[in-house]
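Structure first, commentary second.
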Amino acid sequence: MVNGIMRTFKIGGVHPQDNKQFSAHQPITECPLPKQAIIPLVQHIGAPAQAVVEVGAKVKVGELLAKAGGFVSANICSPVSGTVTKIGDWTDAWGASGQAIFIDVEGDVWAPEIDRTPDLIRSCTLEPKAIIDKIAAAGIVGLGGACFPTHVKLLPPPGKKAEVLIVNGVECEPYLTCDHQLMLEHGEEIIVGIEILKRALGVDRAIIGIENNKKDAIEHMTKLAQTKLGIDIMPLKLKYPQGGEKQLIDACIGRQVPSGALPIEVGAVVDNVATIYAVYEAVQKNKPLISRVMTVTGKKVAKPGNYSVRFGTPIEEVIALAGGVPADTGKIIGGGPMMGRAMDHIENMPANKRLSGLLFLPEAESIRPEEENCIRCGKCVQACPMGLEPYLLQRLSQLELWEECEKHDVMDCIDCGCCVFTCPAHRRLLDGIRPAKAKVGAILRERAAAAAAEKK
Amino acid sequence: MKTFITAPAPHAHSGDSVRRNMLLVILALLPAYVVSVLEFGVGALITAAISVCACVLTEWCISRFLLKEQRQTIGDLSAVLTGLLLAFNLPSSLDWWIVLIGAIVAIGVGKMTFGGLGQNPFNPALVGRVFLLISFPAQMTTWPVPHGFNTSYLDAETGATPLYYLKHIAKTGDTSFVDQLPALKDAFLGVMGGSLGEVCALALIIGGLFLICCRVITWHIPVSIIATVALFAWIGTPAGMEAHQYVAYELLSGGLMLGAFFMATDYVTSPMSAWGKIIFGVGIGFIMMVIRTWGAYPEGMSFAILIMNACVPLLNKIRPQRFGEPKKA
């Protein structure tokens, strides 16, 4: 199987250096509890969560702090025990502001219903509805990066039926190794989690897609899945952005999700391995999503590794575990180098659901080279995994021709960065495409609202 | 509070650059240039030197004194490449001042008037060449005969190229000229008359394959040009010649290989999408064969590429295959 011709997605893609050697195979290390935890109320796509605790309240680990603020939203449970000292405005290291709950940590007292033993619990006899309710209660979101509330994905719109669960073990972002390490250390829990999700979705088939630079994970998961019916491991040829939901579905089952549609359109539901591990913990151990594994890495980092961090822990404490900020650091990226976001500072920034890693880039790699004229080489067109024309979209965006952008399918852009990565003239194509997506998105919403008003 | 550099993703780059691409194309031209120096001697050295220097200097002067640019672009090597390609398209015995005029027109008119690299609709080297061809028809069609390395520059013995004979055969059906054609082996290795850099098909193919392997160019344009020419020649083989023989001569003569691998594939003046490139290549092959067969000039590669250059904005309307879109072709 591994020796045969491996599958991958069909359009575009690039081959960045994977640079996973720094933190690969570093055992997951527990990060100590902080003195104060900052819990932002937006840690997912969708409406902000609404606080259900008040200042002065005593909370235990796992208790609900904020409930989902809409259909597409997610609960937030307390990652620490202590006293709520403040609920108020807060700005993150990316410059986004919102509400956050501040907790002074006192001890480590857990809610009684949480099973903290390391025992593996295999059997699950819950009804699909009960499983989905537990996942929603636990505040689980997609931990691969998008942070889409998981329970929403498990409720297909009327008339749509899931056929296959695709498990994302690709981890195509260079440098990051947290999902890899999680598969090696918690493969059995992930297999149980897959069984639970199959049950919730009513599908009899699951495919775990893993890129071929993680041969040990492929072998390990294959061994664990051997006795399980309907769980296949699919080794995939190395190519970025294979972990993109649409690309992964194409690679695994050869179906392409149409423009603007959801994966369910082709019968697929995709979940990341870290998300599935969280599902296992929520359903089998009653443990809500209160921590995640983060990779702290970079060429000059003293102790690069994979750290299990409670949400709310200031990232300074995680960085200290990894040996501090390296001397010549120019850029600190939350996430990987292709889609991660550069942080302005590290103070007052807590670990949260969307932070899959911290990457320290040396000064020399941090400055974007000067832009040159577009030489129309077409490499961005060849690289775009969505089959778009990035050079054209950037130009249309500069000219503010939003309708033209729409006609050229700007909304299909998945922000993967392949075009900028590949451009020999160092053109900042996405700097033009992102605002175009925002503009066209607004136009589409306006149009939909106008159409709805007309119907009434 | 220490702050760090922020910029939107991605934070990694392939390491590719405009300069790297230009450098690789220049490297790929070297085998053909070596052959050319061995065939045509000092003339090849002088012509290329004048052309390259004049192109670089023209770009620098325009950008420095006319446009008053802060940043100079000659470092990206695109002017060097234009100069080299122009020289490749000239007879090695051409007067130095004609080469100079060609270079000034190539960069000045062909490239800088449109805003420099990336903005020009037509291949600058071909603009220079065609300008010279129309202005100095006699000098531009006087081909030195290859004599091995020699030190004479302007007094080289001159003669007709195989294309002249091929056209004559095609037009008149007079097959007595078939004997005048160089042996196919010589045509392949470049022992025949022609422009400085176009004669050795073997060296040009090696350079072209190198560019495809380095992913500087894709196969679409060269393959579609060569396939179209071969098909056209095969169908249109004149009486008295074997089809395979005629096809081989058409492929190995004139600027076909140089054009297919190095001129038509110019990034700026060729289409973006795979299908656009294929149509572009087919168009070039077809127009060139029409000119070769029925036109006033024996060779039509430059005209064919320039005409198709003009179609590029139209060809760029062809969308690449979108993800999730039903298959088109």
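I need the full set of residues from the range A:418-456 which are within 14 Å of chain B (Cβ to nearest Cβ), out of contact with any His (no Cβ under 9 Å at 6 or more places or on another chain) and not in a helix (DSSP H, G or I), in order please.
Our first condition is that a residue be within 14 Å of chain B (Cβ to nearest Cβ); within the range A:418-456, this holds for A:418-438.
Now restrict to residues that are out of contact with any His (no Cβ under 9 Å at 6 or more places or on another chain): A:418-419, A:424-425, A:427-438.
Passing the criteria: A:PRO424, A:ALA425, A:ARG427, A:ARG428.
Does B:ALA274 satisfy the condition of being at pLDDT below 95, in the same structural domain as B:THR161 (by TED's automatic domain parsing) and closer than 14 Å to B:ILE221 by Cβ? Walk me through it before giving the result.
On the way: at pLDDT below 95: yes; in the same structural domain as B:THR161 (by TED's automatic domain parsing): yes; closer than 14 Å to B:ILE221 by Cβ: yes.
Taking the combined requirement at face value, the residue satisfies it.
Do any helices (runs of 4 or more DSSP H) lying entirely in the range B:234-329 carry at least 2 residues that are surrounded by 17 or more Cβ atoms within 10 Å (Cβ to Cβ) and within 12 Å of chain A (Cβ to nearest Cβ), and which ones are they? Give the derivation first.
On the way: elements: B:243-252, B:274-294, B:301-315.
It comes to B:274-294, B:301-315.
Can you give me the ranges of the strands (runs of 3 or more DSSP E) entirely in the range A:14-124 with at least 3 residues that are under 27 Å from A:PRO304 (Cα atoms) and without any contact (Cβ under 8 Å) to a residue 24 or more places away in the chain? Steps first, answer last, please.
Working: elements: A:36-40, A:64-67, A:82-91, A:97-105.
In the range A:14-124, there are no strands (runs of 3 or more DSSP E) which contain 3 or more residues that are under 27 Å from A:PRO304 (Cα atoms) and without any contact (Cβ under 8 Å) to a residue 24 or more places away in the chain.
List the helices (runs of 4 or more DSSP H) that sit entirely inside the range B:58-161 and contain at least 3 residues that are at pLDDT 95 or above and more than 20 Å from B:LEU23 (Cα to Cα). Explain how you work it out, then say what you get.
On the way: elements: B:78-88, B:96-104, B:124-135, B:137-140.
In the range B:58-161, B:96-104, B:124-135 are the helices (runs of 4 or more DSSP H) which contain 3 or more residues that are at pLDDT 95 or above and more than 20 Å from B:LEU23 (Cα to Cα).
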Suppose we filter A:SER81, A:SER73, A:SER97 for residues that are surrounded by 20 or more Cβ atoms within 10 Å (Cβ to Cβ), touching a strand residue (DSSP E or B) at 6+ places or on another chain (Cβ under 6 Å) and among the hydroxyl-bearing types (Ser, Thr, Tyr); which single one remains? A:SER81
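In the range B:45-66, is there at least one residue being within 14 Å of chain A (Cβ to nearest Cβ), farther than 26 Å from B:CYS214 by Cα and of a type outside the set (A, V, I, L, M, F, W, C)? It would help to see each step written out before you state the result.
Start the filter on the range B:45-66 by keeping residues that are within 14 Å of chain A (Cβ to nearest Cβ), which leaves B:59, B:63.
Remaining after also requiring farther than 26 Å from B:CYS214 by Cα: B:59, B:63.
Still in the list and also of a type outside the set (A, V, I, L, M, F, W, C): B:59, B:63.
Yes, the conditions are met somewhere in the range B:45-66.
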Picking from A:ARG354, A:ARG341, the residue that is of a type in the set (Lys, Arg) and more than 8 Å from chain B (Cβ to nearest Cβ) would be A:ARG354
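Any idea how many residues of the range A:258-282 are on the phi < 0 side of the Ramachandran plot and assigned to a loop (DSSP other than H, G, I, E, B)? Lay out the reasoning, then the answer.
Within the range A:258-282, the first condition is being on the phi < 0 side of the Ramachandran plot, and the residues that meet it are A:258-259, A:261-266, A:268-282.
Narrowing further to those that are assigned to a loop (DSSP other than H, G, I, E, B): A:258-259, A:261-262.
Residues that pass the stated criteria total 4.
Do we find that A:GLY145 is modelled with pLDDT under 95 and under 22 Å from A:ARG292 (Cβ atoms) in this structure? Show your work before the answer.
Values: modelled with pLDDT under 95: yes; under 22 Å from A:ARG292 (Cβ atoms): yes.
Against the criterion (modelled with pLDDT under 95 and under 22 Å from A:ARG292 (Cβ atoms)), A:GLY145 qualifies.
One line per residue, one yes/no per condition, for (1) modelled with pLDDT of 95 or more; (2) not acidic (Asp, Glu):
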site	(1), (2)
A:ASP271	yes, no
A:GLY324	no, yes
A:THR329	no, yes
A:ILE333	yes, yes
A:GLU372	no, no
A:CYS377	no, yes
Go through the range A:265-293 and count every residue that is touching a Lys or Arg at 6+ places or on another chain (Cβ under 8 Å) and hydroxyl-bearing (Ser, Thr, Tyr). 1
Is it true that A:ASP89 is outside the structural domain of A:PRO337 (by TED's automatic domain parsing), surrounded by fewer than 21 Cβ atoms within 10 Å (Cβ to Cβ), under 22 Å from the mean Cα position of the chain (by Cα) and acidic (Asp, Glu)? no
Counting only residues in the range A:143-173 that are under 15 Å from A:VAL257 (Cβ atoms) and either free of Cβ contacts under 8 Å to residues at least 40 places away in the same chain or of a type outside the set (A, V, I, L, M, F, W, C) (or both), the one surrounded by the most Cβ atoms within 10 Å (Cβ to Cβ) is identified as A:ASN168
Being closer than 30 Å to A:GLY82 by Cβ and touching a strand residue (DSSP E or B) at 6+ places or on another chain (Cβ under 8 Å): is that true of A:LEU182 here? yes
Flagged in the range B:189-228 as within 20 Å of B:MET288 (Cβ to Cβ), within 14 Å of another protein chain (Cβ to nearest Cβ) and not in a loop (DSSP other than H, G, I, E, B), in numbering order, are B:HIS220, B:ILE221
Is one or more of the residues making up the range A:156-171 out of contact with any His (no Cβ under 9 Å at 6 or more places or on another chain) and of a type in the set (S, T, N, Q)? yes
Any chance A:ARG368 is within 20 Å of A:ASP415 (Cβ to Cβ) and over 23 Å from the mean Cα position of the chain (by Cα): yes
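Say whether the condition of being in contact with a strand residue (DSSP E or B) (Cβ under 8 Å, 6 or more places away or on another chain) and in a helix (DSSP H, G or I) is met by at least one residue in the range A:398-405.
First, the residues of the range A:398-405 that are in contact with a strand residue (DSSP E or B) (Cβ under 8 Å, 6 or more places away or on another chain): none.
No, the range A:398-405 contains no residue that is in contact with a strand residue (DSSP E or B) (Cβ under 8 Å, 6 or more places away or on another chain) and in a helix (DSSP H, G or I).
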Just one of (1) buried (at least 24 other Cβ atoms within 10 Å of the Cβ); (2) under 22 Å from A:LEU176 (Cα atoms); (3) small (Gly, Ala, Ser); (4) touching a residue at least 60 places away in the same chain (Cβ under 8 Å) trips up A:ALA282, so point out which. (2)
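Which count do you get for residues in the range A:139-168 that are assigned to a loop (DSSP other than H, G, I, E, B) and within 17 Å of the chain's Cα centre (by Cα)?
Of the residues in that region, 10 qualify.
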Pairs please, first residue from the range B:63-77 and in contact (Cβ under 8 Å) with a residue 24 or more places away in the chain and on the phi > 0 side of the Ramachandran plot, second anywhere and surrounded by 10 or more Cβ atoms within 10 Å (Cβ to Cβ) and in a helix (DSSP H, G or I), Cβ atoms under 7 Å, 6+ apart in sequence or on different chains. B:LEU77/B:ARG19; B:LEU77/B:MET22; B:LEU77/B:LEU23; B:LEU77/B:ILE26
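Residue-by-condition table, conditions (1) over 25 Å from A:VAL283 (Cα atoms); (2) in the same structural domain as A:GLY336 (by TED's automatic domain parsing); (3) crowded, with 23+ Cβ neighbours inside 10 Å:
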position: A:LEU176; (1), (2), (3): yes, no, yes
position: A:GLU188; (1), (2), (3): no, no, no
position: A:GLU195; (1), (2), (3): no, no, no
position: A:LYS198; (1), (2), (3): no, no, no
position: A:ALA206; (1), (2), (3): no, no, yes
position: A:GLY209; (1), (2), (3): no, no, yes
position: A:ALA217; (1), (2), (3): no, no, yes
position: A:MET221; (1), (2), (3): no, no, yes
position: A:GLN242; (1), (2), (3): yes, no, yes
Looking at A:GLU316, is it of a type in the set (D, E, K, R), more than 27 Å from A:GLN36 (Cβ to Cβ) and within 14 Å of chain B (Cβ to nearest Cβ)? no
Looking at (1) over 26 Å from A:ALA425 (Cβ atoms); (2) in contact (Cβ under 8 Å) with a residue 60 or more places away in the chain, which is the one condition that is false for B:LEU258? (1)
Considering the range A:371-395 alone, what residues qualify as being at the interface with another protein chain (Cβ under 8 Å from one of its Cβ atoms), outside any helix (DSSP H, G or I) and under 30 Å from B:ASN120 (Cβ atoms)? A:GLU372, A:ASN373, A:CYS374, A:ILE375, A:ARG376, A:CYS377, A:GLY378, A:CYS384, A:MET386, A:GLY387, A:LEU388, A:GLU389
Step by step: first the residues of the range B:1-23, then only those that are part of a loop (DSSP other than H, G, I, E, B) and surrounded by fewer than 16 Cβ atoms within 10 Å (Cβ to Cβ), then the one that is farthest from the other protein chains (Cβ to nearest Cβ). Which residue is that? B:GLY15
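The values are calculated or read from the model by the stated rules, or taken from the named source; none is laboratory data. Here the structure is a predicted model, which means the values were calculated and not measured. Note that we place each Cβ from the backbone using ideal geometry, even for glycine, and neighbour counts take in every protein chain shown.
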